[in-house]
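Where a number appears in this text, it was derived from the coordinates with a stated rule and is not lab data. It should be emphasised that the depicted structure is a prediction, and the values quoted were computed from it without experimental measurement. Every residue, glycine as well, gets a Cβ built from its backbone with ideal geometry; the counts of neighbours run over all protein chains shown.
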Amino acid sequence: MKRISIANPVFNGNEKKYLNECIDTGWVSANGRFIEKFEEKFAEYCGVKYAVSCANGTVSLHLIMLGLGIQPGDEVIMPTLTYIATANAVRFCGGIPVFVDSVKGTFNIDPAKLEEKISERTKAIMPVHLYGLSCDMDPIMEIANRYDIPVIEDAAEAHGAEYNGKKVGGFGLASSFSFFGNKIITCGEGGMVLTNDEKLFERMKLLKAQAVSPEKKYWHIDVGYNYRMTNMQAAVGLGQLEQIEWHIEQRKRIADLYKMFLGEYSDILVLQEEPENCRHVYWMSNVILQDKVKIERDEVMRRMEACNIEMRPLFYPMHVMPPYFDKELHCPVAERISARGISLPSHALLTDEEVKYICDNLIRIVTEKE
Ligand SMILES: *Cc1c(COP(=O)(O)O)cnc(C)c1O
């Protein structure tokens with residue numbers, strides 16, 4: 001069996017054609033027709049008014065924090081179980097990420113543990129739609145509205161995911177997406193901010209391009225950044241976006257196979273939940289090893305690797321890693337998900353046989369006597 005990798009981008013649309021057009025016309029940097037087109041089409045796809053493309057999904061989060069005017073000492077509430085960029089974007093502005101525990105079945109931020117984290121210094125609430133599944137947005141929005149705190153969605157892993165029939169990215173004041181090579185759709189590196197707020201949009205657009213005056217060339221009205229996306233990235237991104245439903249269908253196909261092959265082993269392996277009111281886009285399929293499994297998670301991954309199957313651990317909680325270490329903080333649900341969770345190969349090129357091979361080996365390994 002050849003090595004099965006965890007992620008594998010697929011370019012089967014107009015990506016090459018559009019990219020060639022950039023090279024043939026010389027529009028390779030931050031000007032060119034694909035940038036506006038990609039922004040317009042992505043905003044339209046998500047049902048949001050304005051889009052700001054940028055270099056990656058980390059700086060898109062930073063742009064939002066800058067746009068909100070996050071200052072040293074300001075607090076932003078987020079799940080402890082996320083990718084490090086969510087927390088870093090706050091820290092870049094001197095802000096303090098405040099961490100919340102997760103819901104056991106969905107892995108997402110627990111709305112029931114959110115309100116107690118709100119303080120006078122809370123400037124935003126940042127839910128993260130983990131692994132392609134929307135957070136439980138109704139209670140989150142209810143709390144945020146009651147305290148008049150803006151919600152910022154980190155939707156880096158959830159392009160096309162839905163909650164109550166509405167796409168993620170349009171619930172809060174702004175949202176952030178990533179187009180890194182392993183995401184639902186990719187342009188190598190890339191990011192996008194979406195918002196319906198015109199003032200915030202203008203501010204982020206200014207800051208992403210050196211804060212140069214819209215009226216006067218080379219006249220800078222603030223300290224800005226070079227966070228621009230290139231026309232080449234946008235060309236690939238647009239080609240991918242045209243095929244996004246295909247990409248999502250493939251991931252769903254893989255997830256359904258995992259459900260089929262692993263569903264009856266729920267006493268040893270549990271998959272991430274898919275609540276009825278959500279459309280999960282399965283950026284990654286994941287399993288949690290149950291208590292009956294006596295082998296350590298990392299050992300399971302090592303044995304799978306020996307079968308030529310690449311796996312990755314679920315994210316580590318922010319509060320256990322050096323930049324955000326907090327020994328006072330206990331998030332038992334997130335800590336357990338992280339310690340016992342594995343992300344399975346989840347890309348569009350996997351065949352039914354390969355998924356079966358993965359499942360057979362996984363079941364064998366977790367039921368093996370040491
Ligand atoms: C991938 C990811 C990001 C950052 O995206 P990059 O494009 O890699 O900078 C941010 N947040 C989450 C939750 C992610 O998964």
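What GluC sites (Glu not before Pro) in region 17-125 are in a loop by DSSP, with at most 11 other Cβ atoms within 10 Å of the Cβ? Kindly include the intermediate steps, with their values, before the conclusion.
Working: sites: 21, 36, 39, 40, 44, 75, 115, 116, 120; in loops: 120.
Those satisfying the criteria are 120.
Report D for region 56-103 in µm² per second (integer): Stokes-Einstein, Kirkwood Rh on Cα pairs, 37 °C, 0.692 mPa s.
Values: Rh = 10.7 Å.
Taking Rh from Cα pairs, D becomes 308 µm²/s.
In what order do 128, 293 fall by count of nearby beta-carbon atoms within 10 Å, going from fewest to most?
On the way: 128 26, 293 18.
The order, fewest Cβ neighbours first, is 293, 128.
Would you mind listing how long region 55-137 runs along its three principal axes, going by Cα atoms, in whole Å with the largest first?
34, 33, 18
Using DSSP to call loops (not H, G, I, E or B), can you name the chymotrypsin sites (Phe, Trp or Tyr not before Pro) in region 315-361 whose Cβ has at most 11 other Cβ atoms within 10 angstrom? Don't jump to the answer; show the numbers that get you there.
Working: sites: 315, 324, 325, 357; in loops: 315, 325.
In loop regions of region 315-361 (DSSP not H, G, I, E or B), the sparsely surrounded chymotrypsin sites (Phe, Trp or Tyr not before Pro) are 325.
Along the charge dipole of the chain, which of 185, 206, 147 sits closest to the positive end, that is, farthest toward it, with unit charges on the beta carbon of Lys, Arg, Asp and Glu (+1, +1, -1, -1)?
206
Work out, step by step, the length gained on full extension between residue 71 and residue 33: first 0.36 nm times the residue separation, then minus their alpha carbon distance; give nm to one decimal.
Numbers: separation 38, 0.36 × 38 = 13.68 nm, distance 3.55 nm.
Difference between extended and current length: 10.1 nm.
For region 155-209, what is the Kirkwood hydrodynamic radius in Å, using each pair of distinct C-alpha atoms?
Working: mean 1/r = 0.0826 Å⁻¹.
About 12.1 Å, per the Kirkwood formula over Cα pairs.
Is there a quick way to get the dipole size of the chain? I mean about its Cα centre, with the Cβ of Lys and Arg at +1 and of Asp and Glu at -1; what is the value in debye to the nearest 20? Walk me through the numbers on the way to the answer.
Numbers: 42 positive and 52 negative charges, 163 e Å.
The dipole of the chain has a size of about 780 debye.
Which residue, 306, 144, 51, has the most motion in a Gaussian network model of the chain that connects Cα atoms within less than 10 Å?
306
Just name one of 315, 342, 290: the one whose Cα is farthest towards the positive end of the charge dipole of region 284-370 (beta-carbon charges, Lys/Arg +1, Asp/Glu -1).
Final value for the positive-end residue is 290.
So which of 41/252; 117/294; 123/292; 41/199; 16/259 end up more than 32 Å apart by C-alpha?
On the way: 41/252 23 Å; 117/294 35 Å; 123/292 42 Å; 41/199 21 Å; 16/259 35 Å.
Checking Cα-Cα distances, 117/294; 123/292; 16/259 exceed 32 Å.
Plugging the Kirkwood radius over Cα pairs into Stokes-Einstein for region 151-262, at a temperature of 25 °C and a viscosity of 0.890 mPa s, what D comes out in µm²/s?
Details: Rh = 16.0 Å.
Estimated via Stokes-Einstein, D reaches 153 µm²/s.
Can you work out the FRET efficiency for the pair residue 121 and residue 256, with r the C-beta to C-beta distance and R0 = 45 Å, to the nearest 0.05?
Numbers: r = 44 Å, r/R0 = 0.99.
That pair, residue 121 with residue 256, gives E of 0.50.
Of the beta bridges DSSP finds with both residues in region 123-229, what % are antiparallel, to the nearest 5?
Working: 9 of 14 bridges.
Given both bridge residues lie in region 123-229, the antiparallel proportion sits at roughly 65 percent.
Could you check which residue among 61, 194, 349 shows the biggest mean-square fluctuation in a GNM of the chain with a 10 Å Cα cutoff?
So, out of 61, 194, 349, the one fluctuating most is 349.
For region 20-86, count the residues as N, evaluate 2.2 N^0.38 Å, and divide the Cα radius of gyration by that value, please.
Working: Rg = 15.9 Å, N = 67, 2.2 N^0.38 = 10.9 Å.
Computed over Cα atoms of region 20-86, the ratio equals 1.46.
Relative to the Cα centre, what is the charge dipole magnitude of region 1-93, using +1 at the beta carbon of each Lys and Arg, -1 at the beta carbon of each Asp and Glu, and rounding to the nearest 20 debye? Walk me through the numbers on the way to the answer.
Working: 9 positive and 9 negative charges, 87 e Å.
About 420 debye.
What is the pair-distance distribution P(r) of region 1-133, computed from all Cα-Cα distances in 10 Å bins starting at 0, with each bin given as a whole percent?
Bins of 10 Å from zero give 10, 27, 30, 21, 9, 1 percent of pairs.
When DSSP assigns beta bridges and you keep just the ones with both residues in the chain, what percent turn out antiparallel, to the nearest 5?
Numbers: 26 of 40 bridges.
Here the share of antiparallel DSSP bridges comes out near 65 percent.
Run the simple label-point estimate for residue 369 and residue 298 please: 7 Å along Cα→C-beta, distance reported in nm.
2.7 nm
What ³J(HN,Hα) values, in whole Hz, does the Karplus curve 6.51 cos²θ - 1.76 cosθ + 1.60 give for region 73-80 when θ = phi - 60°, with x put for Gly and Pro?
Once rounded to whole Hz, the list reads x, 5, 10, 10, 8, 8, x, 6.
Could you state the per residue volume, in Å³, of the convex hull enclosing the Cα atoms of region 48-201? Write down the numbers at each step before the final one.
Working: hull volume 15.2 nm³, N = 154.
Value for region 48-201: 99 Å³ per residue.
On the principal axes of its Cα set, how long, how wide and how thick is the chain? Give whole Å, largest value first.
If we take the Cα atoms of the chain, the spans are 72, 54, 37 Å.
In what sequence do 84, 185, 109 fall when counting other Cβ within 10 Å, fewest first? The partial results should precede the final answer.
Numbers: 84 15, 185 26, 109 29.
Final ranking by Cβ density, sparse to dense: 84, 185, 109.
At what distance in nm do the modelled label points of residue 138 and residue 6 sit from each other, each positioned 7 Å from its Cα along Cα→Cβ?
3.4 nm
For a quick check: with amide H placed at 1.01 Å from N, whose amide H comes under 5 Å from residue 168's, ignoring anything fewer than 5 positions away on the same chain?
It is 160, 161, 162, 163, by chain and number.
Specify the angular offset, from 0 to 90 degrees and rounded to the nearest 10, of the alpha carbon long axis of helix 244-262 from the longest principal axis of the alpha carbons in the chain.
Tilt relative to the chain: about 20 degrees.
Most exposed first by the Cβ proxy, i.e. fewest other Cβ within 10 Å, how do 247, 319, 159, 220 rank? Don't jump to the answer; show the numbers that get you there.
On the way: 247 24, 319 21, 159 28, 220 13.
Least crowded to most crowded, the residues run 220, 319, 247, 159.
For region 269-370, how big is the tail of P(r) above 22 Å, as a whole percent of Cα pairs? The partial results should precede the final answer.
On the way: 1944 of 5151 pairs.
When every Cα pair of region 269-370 is considered, 38 percent fall beyond 22 Å.
According to a simple spin-label model (label point 7 Å from Cα along Cα-to-Cβ), what is the distance in nm between residue 162 and residue 199?
Spacing of the two 7 Å Cα→Cβ label points: 3.4 nm.
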